[in-house]
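For reference, the structure discussed in these notes is given below.
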Amino acid sequence: MIKRHQVPLIEDDAYAELHFSTSPPKPVKQFDDEGLVIHCGSFSKSLAPGYRVGWVAGGRFAERISRLKLMTTISPSVPAQAAIADYLQHGGYDRHLRQLRHALETQQGQMLAAASRCFPDETRATRPAGGYFLWFEFPERVDSLRLFRMALEQGISVAPGPIFSATRGFRHCLRLSYGHPWTPRSEAAMETLGELVDAF
């Protein structure tokens, strides 16, 4: 479609390294033979959030992107880039990714198990093959914006569905992160969320 209409596509592939399968999903860029796909990747999700080091394969827009980058930020941190380059060169990154993927897949299972115990039976949940977020769809009576405020009062951070919609949709949906190691505190937070959902 983008080829037919000559429309550029920005592919945000920051979570690509966090797949649970034996091989990564193919990026759209792999099928781009006209330079229309601007492929963006990052180490922020998979290695070091504070480093803010990533890359862009800009296709036919590479030169313009490079000029804009120079005008806005001049250069990212050279020590951070050098540290990551050294880490990549010596094989540490591959080992780190294997451990991280295993941990995230385990934590996803733990959150889904807790959700099945704590949330209403009608709740539906995604089971993505990577990343560190789950999307929950509650019964229509649940207002996730109200739930967000109620959870915050209990010290629990959630992402209500409407913030992911230009039309304020997904009002009964919620995104939760399983990016941190699962602990008794995580379990207690899920129990509290379940009680808050039941209050609707």
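Quote the convex hull volume per residue of region 2-90, based on C-alpha atoms, as a whole number of Å³.
For region 2-90, the hull spanned by Cα atoms encloses 119 Å³ per residue.
What net charge is computed for the residues neighbouring L88, neighbours being all others with C-beta under 14 Å from the C-beta of L88, Lys and Arg scored +1, Asp and Glu -1?
-2
Determine the percent antiparallel among the DSSP beta bridges restricted to region 2-90, to the nearest 5.
50 percent
For q values of 0.10, 0.21, 0.25 Å⁻¹, compute log₁₀ I(q)/I(0) with the Debye formula on a Cα-only model of region 95-198, without solvent.
-0.27, -1.11, -1.47
Where a Cα-Cα gap under 20 Å defines reach, which lysines qualify for K29, not counting those fewer than 8 residues away within the same chain?
Counting by Cα, and skipping residues close in sequence, K29 has these lysines nearby: K3, K45.
For region 134-175 and region 86-111, compute the distance between their C-alpha centroids and round to whole Å.
Each part's Cα centre sits 29 Å from the other's.
For the chain, report the translational diffusion coefficient in µm²/s to the nearest whole number, using Stokes-Einstein at 4 °C, 1.567 mPa s, and a Kirkwood Rh over Cα pairs.
In µm²/s, the coefficient rounds to 66.
If I fit a long axis through the Cα atoms of helix 78-89 and take the longest principal axis of the Cα atoms of the chain, what angle between them do I get, 0 to 90°, rounded to 10?
The answer is roughly 90 degrees.
FYI, it's all coordinate maths here, none of it is from the lab. In this text, all values refer to a predicted model and were calculated from it rather than measured experimentally. Cβ sites come from the backbone with ideal geometry, for glycine too, and all protein chains shown count toward neighbours.
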